[in-house]
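Everything below concerns the one structure shown next.
FYI, it's all coordinate maths here, none of it is from the lab. Please read all numbers here as calculations on a predicted model, not as lab measurements. Using ideal geometry, Cβ is built from the backbone for each residue, glycine included, and neighbour counts are taken over all protein chains shown.
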Amino acid sequence: MALFKKILIANRREIAVRVIRACRALGIPSVAVYSEVDRASLHVRKADEAYALGPAAAAESYLNVGKILDAAKRAGADAIHPGYGFLSENAKFAQACADAGIKFIGPTAASMDMMGSKTRARQHMGVAGVPFVPGTSRGLESAEEGVQVAEKIGYPIMLKAAAGGGGKGMRLVHTRAELKEALEGARSEAQRSFGDAEVYIEKAIINPRHIEMQVLADEHGSTVYLGERECSIQRRHQKVLEEAPSPIVDSDMRRRMGEVALRVAQAAGYTNAGTIEFLVDAEKNFYFLEMNTRLQVEHPVTELTTGLDLVHLQIRIAAGERLPFRQEDVVIRGHAIECRIYAEDPDNNFFPSPGKITLLLLPSGPGIRRDSGMYEGWTVPIDYDPLLAKLIGYGTDRQQATARLIRALNEYFVGGIKTNMLLFRRILNDPDFQAAKLDTGYLDRLLKRKQDSTGVDGKGAELAAIAAGLFALLDPSTALNGAAGGTKLEAAMASQWKQAGREEGLR
Ligand code: MV4
């Protein structure tokens with residue numbers, strides 16, 4: 001009757017904690033694995049059991065297939081959840097799990113392989129009638145071939161690595177004169193990054209939106225879409241803030257995108273949770289970009305707007321259960337926005353800012369969800385991606401979700417390290433964000449504008465501090481007036497200035 005005897009989580013920090021929570025809720029014992037620097041990590045504390053993998057280097061720990069399978073065998077785990085990143089999209093790992101008789105909670109190695117190469121994916125999607133950006137569906141043989149294709153589809157064009165992702169091996173080319181050099185650059189970067197120099201051409205979409213569709217597929221042929229996420233707010237191919245639903249997608253567009261996403265998933269023989277990424281142009285035409293064959297960082301915004309627990313469903317699907325609902329049962333309700341809190345220094349080019357968390361004040365209250373991998377006293381290691389936590393605001397509409405998130409960000413305090421938290425106040429208060437004028441160039445434009453210290457108007461913050469001091473003086477309930485009023489007023493004002501100074505220091 002039990003879904004699994006025990007689940008090992010081949011990951012760390014917030015996503016490991018997220019999966020452990022799902023295991024707990026389902027009554028399944030959880031097993032953590034950790035590297036030397038993660039001995040005291042939150043996921044290790046929360047799991048029922050924990051196994052050491054080895055040194056911090058990912059190749060000797062979270063990317064080491066042999067060590068992870070060995071830990072699973074020792075623990076008696078019959079399933080592995082890979083989280084995101086690390087081995088989550090590694091077809092060889094999925095196959096190695098299958099060969100070891102351990103259920104990989106995700107798609108099959110064959111589905112991953114199909115999506116692992118963009119040219120292969122484009123070939124399959126062409127057959128399935130999925131719209132994608134015009135271009136080639138195989139690697140370029142020469143610069144001359146590139147020039148010919150580019151003349152046909154028209155500049156600007158995009159050169160992309162077939163094995164690529166995250167913008168590596170990608171070049172925007174405006175004219176024929178630039179093409180040869182760009183192709184050489186893209187090829188060598190692709191070879192260096194992926195060990196595969198295959199590069200192909202797409203027509204470039206200028207300032208697209210990035211919108212993705214969540215799907216779930218069981219192992220009995222039933223596939224559903226769970227609505228889209230707007231992920232246009234990113235910097236250097238790293239997402240910063242995501243929301244569901246997308247402000248520009250109406251129910252008709254959602255249905256059309258969803259049906260395309262189902263076709264993609266079915267063409268890949270897909271099972272479990274997956275995401276189909278689209279580029280959307282200014283006229284709201286959408287084009288298949290790629291499929292992510294894992295649970296994504298931003299899955300909570302879909303959970304909040306659908307009321308579903310995606311990790312719970314992933315586990316049930318992996319155990320061979322049927323999806324417990326049909327497409328027509330999926331209802332999108334309300335609006336959710338996620339902020340990715342990174343240990344990085346916005347004043348120093350967003351460089352990672354590891355160190356000890358000396359003070360942690362946590363937000364809560366209506367419409368707030370926090371998925372976190374940190375705790376007070378924990379030292380953030382330098383060795384991995386600097387994501388600390390995700391703060392998600394939910395409301396009946398976008399405006400309420402935004403207001404709740406701003407309120408919660410004001411309650412949230414992470415002391416001892418630098419974080420990107422003030423950036424979110426800037427975004428959420430920005431008129432363009434509030435008007436949903438978003439595309440993949442949005443954040444760079446915002447960051448180029450002259451910024452002040454507080455995320456709101458600098459002079460305004462100063463005035464607010466003074467006004468707070470005056471209110472404190474005039475309000476009898478604060479008992480600041482009277483004989484000792486002068487000194488108490490000074491204290492109240494000093495504390496306001498301290499708050500402003502603290503925020504200044506956190507910038
Ligand atoms: C594009 C594009 C415009 N036209 N393809 C960047 C990462 C990779 N996954 C795909 N990317 C893009 N592909 C065509 N034909 C613009 C981008 C792009 C982008 C896409 C999604 C999210 C952020 C982005 C930032 C810059 C460029």
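When all alpha carbon pairs of the chain are counted in 20 Å bins from zero, the resulting P(r) reads 21, 53, 22, 4, 0 %. Listed peptides 308-315, 296-303 appear in the order 296-303, 308-315 once ranked by packing, highest mean of other Cβ atoms within 10 Å at the front. Length gained on full extension, Arg236 to Ala59, computed as 0.36 nm times the residue gap minus the Cα-Cα distance: 61.3 nm.
Summing Lys and Arg as +1 and Asp and Glu as -1 over all other residues whose Cβ lies under 15 Å from the Cβ of Leu87 gives a net charge of -1.
Once you sort the root eigenvalues of the Cα gyration tensor of region 34-171 as a ≥ b ≥ c, which label holds: rounded (a/c under 1.5), prolate (a/b larger than b/c) or oblate (the other case)? Prolate is the answer for region 34-171, as a/c is 1.5 or above and a/b outweighs b/c. When the pairs Lys284/Lys437; Lys118/Lys390; Lys152/Lys437; Lys5/Lys46; Lys356/Lys418 are compared against a 21 Å limit on Cα-Cα distance, Lys118/Lys390; Lys152/Lys437 fall above it. Computed over the Cα atoms of region 285-395, the ratio of the radius of gyration to the Kirkwood radius (Rg/Rh) comes to 1.04. Both the radius of gyration and Dmax for region 132-241 are 16.3, 52 Å, in that order, over alpha-carbon atoms. Based on alpha-carbon atoms, the Kirkwood radius and the radius of gyration of region 96-194 give Rg/Rh equal to 1.08. Per residue, the average separation of C-alpha pairs within less than 8 Å and at least 6 apart gives region 209-331 a relative contact order of 31 percent. Can you compute log10 of I(q)/I(0) for region 378-425 with the Debye formula, treating each Cα as one identical point scatterer, at q = 0.21, 0.25, 0.26 Å⁻¹? Treating every Cα as an identical point scatterer, log10 I(q)/I(0) equals -0.80, -0.99, -1.03. The local environment of Arg256, defined by Cβ-Cβ distances under 12 Å, has a net charge of 0 under the rule Lys, Arg +1 and Asp, Glu -1. Spin-label model, Asp347/Arg370: points 7 Å from Cα along the beta carbon direction are separated by 2.4 nm. For region 356-450, a/c is not less than 1.5, where a ≥ b ≥ c are the root eigenvalues of the C-alpha gyration tensor, and a/b does not top b/c. That puts it in the oblate class. Take 384-394, 35-45 and order them by the average number of nearby Cβ atoms within 10 Å per residue, most first; the result is 384-394, 35-45.
Phi angles across region 86-93 convert, under the Karplus curve 6.51 cos²θ - 1.76 cosθ + 1.60 with θ = phi - 60°, into 3J(HN,Hα) values of 6, 8, 5, 10, 9, 4, 5, 5 Hz, Gly and Pro given as x. Amide hydrogen proximity for Thr271: with H placed 1.01 Å from N in the peptide plane, the residues at 5 or more positions away or on another chain lying under 5 Å are Thr108. Within a straight-line Cα-Cα reach of under 16 Å, Lys103 can be paired with the following aspartates and glutamates, leaving aside sequence neighbours fewer than 8 residues apart in one chain: Asp70, Asp78, Glu89, Asp218, Glu219, Glu321.
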